[in-house]
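Each reported figure results from applying straightforward, stated rules to the coordinates on display, with no laboratory input. Computed from a predicted model, the values in this text were never measured in an experiment. Glycine also receives a Cβ, built like all others from the backbone with ideal geometry; neighbour counts cover every protein chain displayed.
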Ligand code: SF4
Ligand code: SF4
């Protein structure tokens, strides 16, 4: 998963073999998104994104620092929403940018 030190430079996007990191520069939600996110359904847990991140923002779930624990909840919500394929914004969407536009970009609209 990705934490809020992400600078949206897309180095992980280039490294990801299954194109599961969004939103990308050519997607509508990119400008508004505070960071990039991993689509948990498509991610194959290959780990290729972790070493290329210059801001150390990429973590496997079991390696997430305690101070970044809230991102595990964001990832859980992403998984929940992607499984239900709903356009509805997540409860509490706002500061994290996890609104309907973001998920439309991810193909869930
Ligand atoms: S490589 Fe790191 S800083 Fe760059 S977009 Fe990915 S998570 Fe964000
Ligand atoms: S672990 Fe692999 S599949 Fe998952 S986001 Fe990173 S590069 Fe993509």
Selection within the range 37-59 - in contact with a helix residue (DSSP H, G or I) (Cβ under 6 Å, 6 or more places away or on another chain) and over 16 Å from residue 10 (Cβ atoms): 40, 41
Residues that are within 10 Å of ligand 1 (Cβ to nearest atom), crowded, with 17+ Cβ neighbours inside 10 Å and over 23 Å from residue 67 (Cα atoms), drawn from the range 12-23: 13, 15, 16
The range 27-50 residues that are under 14 Å from residue 2 (Cβ atoms), paired with ones that are assigned to a loop (DSSP other than H, G, I, E, B) and away from ligand 1 (no atom under 13 Å from the Cβ) (beta carbon under 6 Å, 6 or more apart): 33/97; 34/97; 39/106
Which of the residues that make up the range 4-51 are part of a loop (DSSP other than H, G, I, E, B) and in contact with a strand residue (DSSP E or B) (Cβ under 7 Å, 6 or more places away or on another chain)? 20, 35, 36, 39, 49, 50
